[in-house]
Amino acid sequence: MDLSNKVAIITGAGGGMGQVVIQKFLEMGAKVSAVDINVDAIGELAEKYPDQLLVTTANLTDEDSVNGLVQKTVDTYKQVDILLNVAGVAQAAKNIEDVSLAEWERIMAINSTAVFLTSKAVVPFMKQKNRGSIINVASVSVDRPRPGLNAYVASKGAAISLTKALAIELAPYNIRVNAINPGPADTKMLAEFVPAGGDQSEAKENTFRSSVPLGRLITPEDIANCAVYLSSDLAQMMTGSVVNVDGGRGI
Ligand SMILES: NC(=O)c1ccc[n+]([C@@H]2O[C@H](COP(=O)([O-])OP(=O)(O)OC[C@H]3O[C@@H](n4cnc5c(N)ncnc54)[C@H](O)[C@@H]3O)[C@@H](O)[C@H]2O)c1
C-alpha cells in the first residue's frame, strides 16, 4: 500500500488515535495536513518529517477555520486526496434528564457538524481531480450503545448517516466515503466515558476490555491500519461501508 502520491488531511492530530494514524500515513509516504485544536503532541513528528507534514491549529466547528485549513493544504501540496475525520469528543455517561442543551450541542458540533464542514470544504477540490477518499471515525456504540452515552451515540450516528448520504452523492465523481467504527480503544478518551465519580481503571477492565470478544482493547494502530487500507487503491470498490474495528464488540 503506497500512499506516496497522496495528500491527506487528518483531524484529531493531537489525540491518541490521530498521532498514530498520522505517523502511519507519513511512513507510507503520504503528505499529511494535520489538524487539531491542540497540536502540542505532534511537535516531534513535525521535526522528523518537515517536508511531509503541515500542522494547523484549528477549531473544526468553525466554518472559516475549516475552509482556511483546507485552502492552506491545497496551497502547500496542490491537492487533497484523503480526508480522515478522527477528531471527536466523549461524553461522561449520564441520564438524558441531566444532559444540558449546551452539552448536547457541543458534542453534536464536534462529532457530526465538523464532519459536514470538512467534507463540504474538501469536495470541490476532489471533484476537480475526479477522485478522493473520505473516512469518518464514528463508533461501534452506534450499533451497541452503552447506557448514558445518549448525545455521543446520536452524534456518531449522524456521522454514519452522512457517510452513506455522501457515498451515494459523490460516487459519480469517484469520491469514496466510508466510516470506521472503533470499539473501546486504549486512549485517554476511554476514561472520559466513565460516569462522574466512577472508578476509571475498574471500568477499563470490567466494562470496556471485558466487552471485547477478542480479549483486548483496540489500539490506535488497529485504526491506523484500517484507515490506510480504506485510503489506498486496494479499497477502490469500497464506498458507503461502515467497518467495525472492534474485536467483535459489535456482534
Ligand atoms: N477511544 C475510544 O474508546 C473510542 C471508541 C470509539 C470511537 N472513538 C472515536 O475515535 C476518535 C479519536 O478518539 P481518541 O481516542 O484519539 O480521542 P482523543 O481525545 O485522544 O483525541 C480527540 C482529538 O480531537 C480533538 N478535538 C476535539 N474537538 C476539536 C475541535 N473542535 N477542533 C479540533 N480538534 C478537536 C482533541 O483536541 C483531541 O486531540 C474520536 O472521534 C472518538 O470519538 C474513540
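The values are calculated or read from the model by the stated rules, or taken from the named source; none is laboratory data. All values reported here derive from a predicted model rather than from experimental measurement. Quick reminder, even Gly has a Cβ in these numbers, built from the backbone with ideal geometry, and neighbours come from all protein chains shown. What goes into the accessible areas is simple: the full protein's heavy atoms, side chains included, and nothing from ligands, DNA or RNA. Shrake-Rupley method; radii C 1.70, N 1.55, O 1.52, S 1.80 Å.
Scan around K6 for amide H atoms under 5 Å from its own, H built in the peptide plane at 1.01 Å from N, and keep only partners 5 or more places away or cross-chain.
Close amide H contacts, sequence-distant or interchain: K31.
So how many Lys-Lys pairs in the chain land under 18 Å Cα to Cα, not counting same-chain pairs under 8 apart?
Going through the chain pair by pair, I get 25.
Given a cut-off of under 8 Å on Cα pairs at least six residues apart, what relative contact order in percent is computed for the chain?
21
Can you work out ³J(HN,Hα) from phi for every residue in region 208-225, in order, using Karplus 6.51 cos²θ - 1.76 cosθ + 1.60 and θ = phi - 60°, giving whole Hz and x for Gly and Pro?
Residue by residue, region 208-225 yields 8, 4, 5, 8, 9, x, 6, x, 9, 5, 6, 9, x, 4, 4, 5, 4, 4 Hz.
Amide H to amide H under 5 Å from A34: which residues, 5+ apart in sequence or cross-chain, H placed 1.01 Å off N in plane?
Answer set, sorted by chain and number: I10, L54, V55, T56.
Using only the alpha-carbon atoms, how far is helix 63-77 inclined from the longest principal axis of the chain? Give it as 0 to 90 degrees, nearest 10.
40
Using amide H atoms built in the peptide plane, which far-off residues or other-chain residues are under 5 Å from I134 H to H?
Amide H neighbours of I134, under 5 Å, 5+ apart: L83, R176, V177, N178.
Taking Cα centroids, how far is region 8-79 from region 165-220 in Å?
So the separation of the two Cα centres works out to 21 Å.
Return the FRET efficiency for the residue pair N59, K129: r is the Cβ-Cβ distance, R0 is 30 Å, and the value is rounded to the nearest 0.05.
About 0.65, to the nearest 0.05.
Along region 97-110, what does the Karplus equation 6.51 cos²θ - 1.76 cosθ + 1.60 (θ = phi - 60°) give for ³J(HN,Hα), rounded to whole Hz, x for Gly and Pro?
Ordered by residue, 3J(HN,Hα) equals 5, 9, 8, 7, 4, 4, 5, 4, 5, 5, 5, 4, 4, 7 Hz.
To one decimal place, what Kirkwood hydrodynamic radius in Å is obtained for region 6-71 from all pairs of distinct Cα atoms?
The answer is 11.6 Å.
Residue by residue through region 22-33, what is 3J(HN,Hα) from phi via Karplus (6.51 cos²θ - 1.76 cosθ + 1.60, θ = phi - 60°)? Round to whole Hz and write x for glycine and proline.
4, 4, 5, 5, 5, 4, 7, x, 5, 8, 10, 9
How much of the accessible area of region 73-170, in percent, comes from carbon and sulfur atoms when a 1.4 Å probe is used?
Heavy-atom surface of region 73-170 belonging to carbon and sulfur, 1.4 Å probe: 57 percent.
Could you give the size of the charge dipole of the chain about its Cα centre, using +1 on the Cβ of each K and R and -1 on the Cβ of each D and E, expressed in debye and rounded to the nearest 20?
Using Cβ point charges on Lys, Arg, Asp and Glu, the chain gives about 700 debye.
With the dipole of the chain worked out from charges on the C-beta (+1 for Lys and Arg, -1 for Asp and Glu) around the Cα centre, which of N181, G12, A167 lies farthest toward the positive end?
Of the listed residues, the answer is A167.
Per residue, what accessible area does region 42-98 have, given a 1.4 Å probe and all protein chains present, in Å²?
Computed with neighbouring chains in place, this is 50 Å² per residue.
Taking one equal scatterer on every alpha-carbon of the chain, how large is log10 of I(q)/I(0) by Debye at q = 0.10 1/Å?
Cα-only, vacuum Debye calculation for the chain: -0.45.
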